[in-house]
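Novice: Okay, here's the structure, questions in a sec.
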Amino acid sequence: MIIVMEAGATEEQLKEVVNRIQELGYTPHIIRGETRNVVGAIGDEREKTRLQYMEALPGVERVLPILRPYKLASIEVKDERAGERTIVEVAPGVSFGGRKVTVIAGPCSVETKDVMLEAARAIKAAGASVLRGGAYKPRTSPYSFQGLEEEGLKILAEAREETGLPVVSEVVNPEDVDLVAEYCDMLQVGARNVQNFALLKRLGSVKNPILLKRGMMTNIEEFLMSAEYILSAGNTKVVLCERGIRTFETATRNTLDISAVPVLQEKTHLPIIVDPSHASGAWQYVKALSCASVAAGADGLMVEVHPNPERAWCDGPQSLKPTKFAELMKDLGRFADAAGRSV
Ligand code: PEP
Ligand code: MN
């Protein structure tokens with residue numbers, strides 16, 4: 001259930017609502033909005049009639065059931081009429097969900113300091129706002145490069161120091177969450193871990209925003225339930241990422257589910273970005289898919305860029321050279337314009 005507060009409700013009235021929710025055995029989650037606040041009451045839905053009585057409390061506008069299985073992720077907790085959506089800030093001046101299309105770029109994995117710095121300088125010059133690089137790589141084969149781990153996180157932090165770009169990196173194991181959170185601005189959950197519920201719950205207790213990638217085999221509802229795990233564990237800063245799903249088609253590594261962008265926008269207030277690199281697996285298609293994603297309303301992109309793709313330790317065939325990435329960023333402007341956004 002959600003308790004919608006009146007526009008002019010006081011903090012005292014909000015506190016009273018929170019206390020009553022707790023007394024009734026539910027967990028309250030305050031979701032602050034521009035026009036009014038709402039409080040999610042999460043718990044046993046069979047007891048919901050008792051929550052309904054809260055409509056009588058001062059400052060309460062109405063009490064609404066959320067019919068979808070995901071609650072805090074649902075668009076219903078925001079003021080839809082006001083077009084309210086969540087904006088997730090990653091660093092001062094860098095956020096997802098506003099007017100700007102925010103671009104994350106960088107190599108698949110952290111390799112050497114030199115490669116990372118070269119990539120970081122190039123993506124910054126082209127207009128990207130966040131640097132990526134995996135230090136923990138969940139590889140299909142146990143014989144493939146598994147990542148530099150803490151050494152890689154240190155390199156990422158150095159690249160941030162030099163360029164001022166915030167950094168995002170994947171965390172695979174719940175035990176590594178604190179370490180990755182120490183070095184990185186944003187933590188990534190990869191496609192293969194989207195239903196690693198122990199990891200998702202653990203990420204609920206960090207302050208860093210989370211980039212949650214859709215699994216290649218998860219449908220939209222399952223994807224949103226994964227976001228719900230993080231939100232309900234206390235972290236409201238979740239950005240969703242469509243990265244292609246597995247279909248019968250083999251011409252591309254995965255099939256970009258472009259419809260996920262408007263479908264998710266209808267169902268959730270969370271920002272949605274697209275990763276055209278893992279979706280296609282081939283650099284030649286990355287520009288077209290990026291432009292299509294922005295035209296469809298994506299709040300951002302995640303693009304793999306490597307100074308020497310042919311020498312990359314991981315995902316070279318889908319990585320753009322810096323010159324190609326700069327071209328992409330330039331061309332993206334027109335699509336962002338058409339979608340009422342800026343790059
Ligand atoms: C990545 O972004 O580094 C990655 C491994 O992607 P995915 O989890 O989407 O396969
Ligand atoms: Mn990759």
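The values are calculated or read from the model by the stated rules, or taken from the named source; none is laboratory data. Keep in mind that this is a model prediction, so the values were computed, not measured. Reconstructed Cβ throughout: ideal geometry from the backbone, glycine too, with neighbour counts over all protein chains shown. With ligands, DNA and RNA removed, areas are computed over all heavy atoms of the protein, side chains included. Shrake-Rupley method; radii C 1.70, N 1.55, O 1.52, S 1.80 Å.
Novice: Where the centre of each part is set by its Cα atoms, how far does the range 312-330 sit from the range 228-303, in angstrom?
Specialist: 18 Å
Novice: Of Lys78/Lys330; Lys15/Lys137; Lys100/Lys201; Lys201/Lys267, which pairs sit farther than 32 Å apart, going by alpha carbon to alpha carbon?
Specialist: Where the Cα-Cα span goes over 32 Å, the pairs concerned are Lys78/Lys330; Lys15/Lys137.
Novice: What do you get when you divide the Cα radius of gyration of the chain by 2.2 N^0.38 Å, with N the number of residues?
Specialist: 1.02
Novice: Now for a different question. Could you work out how far helix 113-126 tilts from the main Cα principal axis of the chain, as a 0 to 90 degree angle to the nearest 10?
Specialist: It is inclined by approximately 70 degrees.
Novice: For the chain, can you list the cysteines whose C-beta has no other cysteine C-beta under 4.7 Å from it?
Specialist: Taking the Cβ cut-off of 4.7 Å, the unpaired cysteines of the chain are Cys184, Cys241, Cys291.
Novice: Follow-up. Answer with one residue from Cys241, Gly152, Val294: the one whose Cα lies farthest towards the positive end of the charge dipole of the range 88-338, charges on Cβ with Lys, Arg +1 and Asp, Glu -1.
Specialist: Positive-end residue among those listed: Val294.
Novice: Can you work out the accessible area per residue across the chain, with the rest of the protein chains kept in place, probe 1.4 Å, in square angstrom?
Specialist: 43 Å²
Novice: Roughly speaking, to the nearest percent, how much of the chain's 1.4 Å accessible area is carbon and sulfur? Present the calculation step by step, with values, prior to reporting the outcome.
Specialist: Numbers: 7460 of 14840 Å².
The computed percentage sits at 50.
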